[in-house]
Amino acid sequence: MKAPNSIPEVLDVASIRNQFPILNRRVKEKPLVYLDNAATSQKPQSVIDAISDYYTNYNANIHRGIHTLAEEATLAYEATRHAAQEFIGAASPEEIIFTRGTTEGINLVAYTWGRQHIIPGDEILISAMEHHSNIVPWQILCEEKDAVLKIIPVNDHGELSMEAYMELLNERTKLVSIVQVSNALGTVNPVKEMINAAHKAGARVLVDGAQSAVHLDIDVQDLDCDFFAFSAHKVYGPTGIGVLYGKKELLDSMPVFQGGGEMIKEVTFEKTTYNDLPYKYEAGTPNIADTIAFKTALDFVKETGKAAIREHENNLLDYATAQLQQIPGLRIIGEAKEKVSLVSFVIKDIHPQDIGIILDNMGIAVRTGHHCTQPLMKRFGIPGTVRASFALYNTREEIDILINGLQKAIKMLS
Ligand code: PMP
């Protein structure tokens, strides 16, 4: 690929960067170049302020109080549910369950829907590029239920084999749980087509949206997925809060997850009746401050415009890919036709961690290692990769700094 000479400015990146205070800090006496956005994104000042505003001005427990602070906190908390509903195109706020993040969302489905529906001999289909959080809950369930975990293979470009997928689907397949965007390769999977095929085979589908929610337009009704899980912290929001979307009829008919306050209607020692959606799945005092600030993050993305963000990030990806390809001995892992915003690579037989340490000394933050996708690394016969992942505040100049840093690292390590 030939390097584009310039990146068209689709975003006012300078003014966006001003909204992210952490981008002004220095690391090892160098300006921070933050390229680890797939692990977690940085937070704009508005999100940081929303957290402290809650604790400063209206800290109270939600839903149960009738006093002013409790009402203000409840309103703000529920406003996030509406914002999240709009963000992923869900039909109603009842379909938005707040969780700690993607991991908890997937586990919730495994422990409730999974325990209710999976019987011995059933098959659960995942892919070879899943994050550990979309592997282990299903392994636990399959072990408990004597069910079988089947794996959709990945080709050398880092794309799913759709042919193999179609062959794997059969009347024993009860669930397909699939990542929409791979955190290790950047591959965008054709989830709509996959959901359609799974439904024809009679299977339910969970989409792991941890990486896709920030980059792609999500419309769960158009996708027709049964469940969709994502984390706020990868969408410029706080850690410790995420969303599990589920179709209402499914959530209604599933057993409860955790027991406690908030998820009940009435408790006696003989019997407990459960609350309506979405509270049925939200036991205990939730993460109120971070949930409230999550709306500020969603507002920030909406105001900036997802289409412009995506265009900017695609431009960065094209530029970075073209530059990386010029480096002798560098091999990009994951060359799917459809990719977003991250590039994984290995250089000769240099251990990724050694590169990461040298880059860190230059103020450059990348991720190195297996990215919680050990089976995928095994598939490619590597211990791990160096991964640079981009967000709306990254610039072409930062990619130049990365390339320069890599060239220096190679010289030092060869
Ligand atoms: N799935 C994918 C594809 C991810 O990238 C991640 C986070 N690295 C997760 C699931 C888990 O998300 P969390 O740690 O926020 O629960």
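Readers should treat all values here as calculations from the given coordinates under stated rules, not as data from a laboratory. Remember, it's a predicted structure, so these values are computed and weren't measured experimentally. All Cβ positions, glycine included, derive from the backbone under ideal geometry; neighbour counts span all protein chains shown.
Annotation: amide H-H contacts under 5 Å for residue 148 (H modelled 1.01 Å from N, sequence separation of 5 or more, or interchain): 121, 122, 123, 124. For the residues 196, 18, 57, a GNM of the chain with alpha-carbon springs under 10 Å puts the largest fluctuation on 57. When the charge dipole of the range 49-113 is built from unit charges on Cβ atoms (+1 for Lys and Arg, -1 for Asp and Glu) and taken about the Cα centre, the candidate among 99, 59, 89 whose Cα reaches farthest toward its positive end is 99. Structure remark: mean-square fluctuation, Gaussian network model of the chain, C-alpha springs under 10 Å; the largest value among 105, 369, 65 belongs to 65.
Would you please classify the overall shape of the range 1-118 from the alpha carbon gyration tensor, given that a ≥ b ≥ c denote the square roots of the eigenvalues, rounded means a/c under 1.5, and beyond that prolate means a/b larger than b/c while oblate covers the rest?
Details: a/c = 2.22, a/b = 1.41, b/c = 1.57.
It comes out oblate by the Cα gyration axes.
Between 181, 243, 256, the Gaussian network model of the chain with springs among Cα atoms under 10 angstrom shows the greatest mean-square fluctuation at 256. Of the chymotrypsin sites (Phe, Trp or Tyr not before Pro) found in the range 265-322, the ones in coil according to DSSP and having at most 16 other Cβ atoms within 10 Å of their Cβ are 269. Dipole magnitude for the range 234-289: about 220 debye, using +1 per Lys or Arg Cβ and -1 per Asp or Glu Cβ, origin at the Cα centre. Computed from point charges on the beta carbon alone (+1 for Lys and Arg, -1 for Asp and Glu), the dipole magnitude for the chain about its Cα centre is near 1160 Debye. Sum -39500 (n - 2.57) across every DSSP H segment of at least 4 residues in the chain, then divide by the residue count to get the 222 nm mean residue ellipticity, nearest 500. Theoretical 222 nm ellipticity from helices: -11500 deg cm²/dmol.
Angle of helix 136-145 to the longest C-alpha principal axis of the chain, folded into 0 to 90 degrees and rounded to 10: 40°. At the listed q of 0.09, 0.13, 0.14, 0.16 Å⁻¹, the Debye profile of the range 49-302, built from one uniform point per Cα, gives log10 I(q)/I(0) equal to -0.40, -0.81, -0.93, -1.16. In whole Å, how far is the Cα centre of the range 282-313 from that of the range 184-223? Measuring centre to centre over Cα atoms gives 20 Å.
For the chain, take the longest principal axis of its alpha carbons; what is the angle in degrees between that and the long axis of helix 45-57, to the nearest 10 within 0 to 90? Helix 45-57 sits at roughly 40 degrees to that axis.
Amide H contacts of residue 204: 175, 176, each under 5 Å away and 5 or more positions distant or on a separate chain (H built 1.01 Å from N in the peptide plane; Pro and chain starts excluded). Note that the range 340-348 has calculated 3J(HN,Hα) couplings of 10, 6, 8, 9, 10, 7, 10, 10, 6 Hz, one per residue in order, obtained from phi through the Karplus relation 6.51 cos²θ - 1.76 cosθ + 1.60 (θ = phi - 60°); glycine and proline are x.
Across the chain, the longest piece that holds none of the GluC sites (Glu not before Pro) lying in DSSP loops with up to 15 other C-beta atoms within 10 Å covers 30-170. The long axis of helix 288-304 is offset from the longest Cα principal axis of the chain by roughly 50 degrees. Only one residue of 401, 162, 376 has its Cα farthest out toward the positive end of the dipole of the chain, where Lys and Arg carry +1 and Asp and Glu -1 on Cβ, and that residue is 401. Among 26, 17, the ranking by other beta carbons within 10 Å of each residue's beta carbon, starting with the fewest, stands as 26, 17.
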